[in-house]
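The values are calculated or read from the model by the stated rules, or taken from the named source; none is laboratory data. As the structure is a computational prediction, the values presented were derived from the model and not from experiment. In this analysis, Cβ positions are derived from the backbone assuming ideal geometry, glycine residues included, and neighbour counts consider all displayed protein chains.
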Amino acid sequence: MKLLGIIAIMAMAFHVQAADSKTNAKAADAKTSMENKMDQAKTAAGAGPTDPQIAAIVVAANQVDIDAGKMAKSKTKNPEVKKFAEQMITDHKAVNKSATDLVKKLNVTPEENDTSKTLKKGGEENEANLKKMNGKDFDKAYVDHEVAYHQQVLDAIDKTLIPSAKNDQLKDLLTKTRPAIEAHLEHAKMLQSKMM
């Protein structure tokens, strides 16, 4: 089950900001940018990102989600948001270890690529945005982002990562991770509905 969180961390990597209409435009731009990067990786690799590129994407996504969860845990006063952030940290730390173990087992060196770099940059931008907020504004922005991000991760898993993975163990890991991402999405949606 710990492996099931790998893509959830990716979810943080596709950070989108949904606090207001200006932020929604940024979210649409971030989504379009991520889709463009995935398309570029697909074109460059022939059929999609390579296994080493997928590994770098997963690692980047996990770290971004851990960092956002740590910020949320330290800034929120909402016990439910704090519990969710703690879950993101716990799940994604476990996934980082599992992902690292699999990469070593497969003798694959993660290959930095435009998508992994975009994920890192998106994570930094999301953190910078969240640092400016406090209280209910912070909670809403964090949770809104988690909803949008996890949906984008599910889409990336289904449309790009699983179809592109060549190694059966990597493909299996991505497939087994999908339900955890979906569970994180549903949890974030539940929190979001309480904030409306």
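Worth a mention:
- Residue match in region 56-65 (condition: within 22 Å of Asp172 (Cα to Cα) and surrounded by fewer than 21 Cβ atoms within 10 Å (Cβ to Cβ)): yes
- Any hit, region 114-132, residues being over 18 Å from the mean Cα position of the chain (by Cα), surrounded by fewer than 24 Cβ atoms within 10 Å (Cβ to Cβ) and modelled with pLDDT of 90 or more: yes
- Whichever residue in region 48-76 is charged (D, E, K, R) and modelled with pLDDT of 95 or more and, among such residues, is nearest to the chain's Cα centre (by Cα): Lys70
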